[in-house]
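Take a look at the structure set out below.
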Amino acid sequence: MGQPVPLKCLRRSAVWLLPVSTFLKFIVLTLATASAALAQSGDRAGEVQKEVVPRDQIPASPVLTPEQEAATFQLPPGFRAELVAAEPLVQSPVAFQFDGQGRLWVVEMTGYMRNAEGTDEIEPTGNIVILTDTDGDGRMDKRTVFLDRLVMPRSVMLVADGALVAEPPKVWFARDTNGDGKADEKTLVLSDYATQNDPSLGAKSNPEHASNNLMWALDNWVYSANHTQRYRWTGSPTNWLKDDTIFRGQWGLSQDDVGRLYHNSNSDPLRADLIPSAYLARNPNLRSPVGANYQIEKNLRTYPARVNPGVNRGYQPGQLTPEGRLATFTGACGPVVYRGDQFGPEFVGDAYLCEPTGNFVRRSLILNKGGVLSATNAYPGAEFLTSTDERFRPVYLNNGPDGALYIADFYRGLIQHRIYLTSYLREQLASRDLFQPVDRGRIWRIVKTDRAVARTDVLPAQPTTEQLLARLSHANGFWRDLAQRQLVERADPASIPELKRLTQASANPSARGRLHALWTLEGLGQLDLATLSTAIDDSDGAVRTAALRLLEPFLTGPQREAAANIVYRRAGFIPAEEQLQLYLTLGQVNTKTADAITRALLMNSAPDTLRLHAALSGLGGRELEFLDALIGDPDCNSTRPGHVQLLSDLARCVVNEGRPERVERLLELAVGKKSGDWQQLAILDGLIATLPPAPKKGQKATPVKTIALAAEPRAWSELKKQTEPTVQERVTRLDPLLVWDGKAGYDAPVAARPLTAEEQASFNRGKELYPVICGACHQPHGRGQEGLAPPLLDSEWALGSEGRMIRISLHGVRDALTVKGVTWNLAMPAFAPALSDEQLADLLTYIRREWGHTAEPVKTETVKAIRDQYADREDSWTEAELLKFK
């Protein structure tokens, strides 16, 4: 299930978004008062918004009937678009989900941008409607309003005998108790969901960057896009277990058949979690691990069927092609992995995503190379579905019970939110009468014309346990997901024996069915070692991989030894396809035997970064011992691809641990190898990797975070004597890292001056603010997150010029920014309208004094002076601009 809101962000690539908290009432971009100026709040200071597509080359954009619109669609041969529903049956659809009866539950965000000022967004005009096909012809013909008077609803997830409905900042559980299809019971479940779009924020409410897409995943956790918590069923639809998770994407979320999560942001069309993100949080010494939020689609080129002058920043160079068509993604949303059975098996596992600003849907082929995913356009130089109708706005995709692919078409001219609307776009919209109407909306079905559509393959309203068990092995992932969820909710003891039987290949030929049976048992808390011991030898790699993962809870209880032995046994027969999970599980075993197996696997293969980090994620605090055993192993004498990085990453982790005695031992290991040997150089390179990069012009060098030793280590003295040039070059670079009393040229640093009582109070306030304002993106440990936000820990920006940090905090930063040698093409929003001078000073003081930092605190008066100096500034800063300031 994938869910965007029909919105397009103006920022480039992923955006530093904000954590889910009621405090986020303070964290949104500012708006002017509701006046004509409001519609240009997306303008940037000094920009020349010149039209690039001549008016005579822009076709008119009349409002089309559904039949006329369908005639504008272009699909690959063998595919057809069918109308499922249209106005007045449905309006402004932004999300939907089918139930087991084949009914369509649709989120109608009718309040969104009904005019250029967006003045009606606080009105309770939104609905959750149920659409029914009463005559079986494939087109919905009955509308029932399940829940109305909602303000900007954005998600629906069917659960138990009702639905979770997201209405910022709340999530409700609503249900119909008398069978009329209308909710007559509504219970508050969450009050901190999509808080960025809380209507109490008034003009500051921002629907483009708020939590969305509640989705029950294969692992029985409910995830969301743009959200840092996940939820787990506890037996009641109004009481969920909460757990922290990483930030995923902007609009929309999906999963594939084995439970990998897919997400995106407007200019970054497809990312995935190659491994469950919780693993990568295990080892604090492993900085910036690879595996979660991984960019799998790197080619951003797009191929619309019409000119696209109505793109918010279409005037900027590179946004449009010379022909006036959208050149790169700028409104990507709602990725969904096709898991149906109507297209045919060759399409299963492909990802589809919407680009409403370019009026098309992309199909991406997913290539899996040893667990590393990559995505490529299935139709080079073209798109899966395009339209010449400028009002065609695909914003949401989902798999249907008939195995087809379904599309929510917002069908409007204006989809840009007022917060970011530019004068250029406003003029474009006015010139083609695109502001109205706002009461349309369509749902489309995409089918393969040479294959049947199973429209009658539905379940009764109250299916039996036997019926659900049968659906657990259905060829269509929609039914497998539904069956798993309902079996977990039902918790019928009679289902347990059959579920265990269904995990066995002898009883169940469907590998996907066996996989879902395992996870259903997990959701019910009914897994046992006997079931997993059989599953771990399954003929299907995905089943074996899941069995390894599902063994992990048994590794901490009374059956620890038996569970570990199952893992050890499997390790001797491990195919490459499940090796990644084995590394992760061996880290949970955490025994000498497990570490020995890990070393053997690494040294007898050519591990890529994903596998290296999977292994290292489970070695927290044991990296030195692992390295010691590794280089003492005769099998480690010859290098293969990945082995140099392995030793370097282990050494880097030891330095990051920050214990001088362990760094000394690391040097002993290096000097114990032949001078210039690859192992020695790899260890030294690991130490060098912890040094800050050379500063850019105009930027002060970041102080080296030294390792303070009691005296000059013997191993260091020996290394300095070695004459091999490759060693000497590295020793010279490493010299600033190692310090001790009496070292030539070294003066013990003066301890950071204690904070005054006033500064300490500011630090304490900042410590309270940080988790809810910065923590979700930059992470509680300050190390940032790949594809989302750069590190603050030891950052030259955080610890350098306070003036630069204040400007970034006030106005945001955009485009390329280099942090610790890595370039981030992201955008950070402005906090000027949301936080006071004191709050910004408190946050920056905390950042500059936490995690061992010793930079000077920031004063409220300094923030105020810079705020006043740039009171009229609306644009965010660029790196080049910031480097001009001291």
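The values are calculated or read from the model by the stated rules, or taken from the named source; none is laboratory data. Remember, it's a predicted structure, so these values are computed and weren't measured experimentally. All Cβ positions, glycine included, derive from the backbone under ideal geometry; neighbour counts span all protein chains shown. Side chains are part of the model used for accessible areas, which takes the heavy atoms of the whole protein and leaves out ligands, DNA and RNA. Shrake-Rupley method; radii C 1.70, N 1.55, O 1.52, S 1.80 Å.
Which value, in Å to one decimal place, does the Kirkwood hydrodynamic radius take for segment 592-697 when every pair of different Cα atoms is included?
One over the average 1/r among Cα pairs gives 14.0 Å for segment 592-697.
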Per residue of segment 240-254, what does 6.51 cos²θ - 1.76 cosθ + 1.60 with θ = phi - 60° give for ³J(HN,Hα)? Whole Hz please, x for Gly and Pro, Karplus curve as stated. 10, 6, 10, 8, 6, 8, 7, 6, 10, x, 10, 10, x, 7, 8
Over segment 484-581, what percent of the accessible surface lies on carbon and sulfur atoms, probe 1.4 Å? 52
Once the convex hull of the C-alpha atoms of segment 516-673 is built, how many Å³ does it hold per residue, rounded to a whole number? 117
Amide H of Tyr294 versus every other amide H placed in the peptide plane: which residues, excluding those fewer than 5 positions away on the same chain, fall under 5 Å? Ala272, Asp273, Leu274
Return the Rg/Rh value of the chain, two decimal places, where both radii are evaluated on C-alpha atoms and Rh is the Kirkwood radius. 0.98
Per residue, in Å², the accessible surface of the chain once ligands and nucleic acids are set aside, probe 1.4 Å: 36
Using the basic label-point model (7 angstrom from Cα toward the beta carbon), what is the Ile574 to Thr878 distance in nanometres? 4.8
Just flag the chymotrypsin sites (Phe, Trp or Tyr not before Pro) in segment 547-597 sitting in loop per DSSP whose Cβ has no more than 13 other Cβ atoms within 10 Å. Phe573
Using a simple charge model, +1 on the beta-carbon of Lys and Arg, -1 on the beta-carbon of Asp and Glu, nothing else, what dipole does the chain show about its Cα centre, in debye to the nearest 20? 1260
Using Cα pairs under 8 angstrom and six or more residues apart, how large is the relative contact order of the chain, in percent? 14
Expected sort for 834-846, 737-749 on mean C-beta neighbours within 10 Å, highest first, is 834-846, 737-749
Candidate lysines for bridging to Lys864, where Cα separation is under 30 Å - those fewer than 8 sequence places away on the same chain excluded: Lys25, Lys204, Lys696, Lys697, Lys700, Lys767, Lys820, Lys884, Lys886
Using only the Cα atoms of segment 324-470, what do you get for the radius of gyration and for Dmax, in Å? 18.4, 60
Peptides 418-431, 216-229 ordered by average Cβ neighbours within 10 Å, highest first: 216-229, 418-431
Calculate what fraction, in whole %, of the accessible area of segment 143-216 sits on carbon and sulfur atoms when a 1.4 Å probe is rolled over the protein chains. 44
What order, most packed first, do the peptides 169-176, 385-392, 490-497 have when packing is the mean number of other Cβ atoms within 10 Å of each residue? 385-392, 169-176, 490-497
For segment 257-358, which whole percent of the accessible surface, found with a 1.4 angstrom probe, sits on carbon and sulfur atoms? 54
Antiparallel as a % of all DSSP beta bridges within the chain, to the nearest 5? 95
For segment 521-535, take each phi angle, set θ = phi - 60°, evaluate the Karplus expression 6.51 cos²θ - 1.76 cosθ + 1.60, and give the result in whole Hz per residue in order, putting x for glycine and proline. 4, 4, x, 8, x, 10, 6, 9, 5, 5, 5, 6, 5, 6, 5
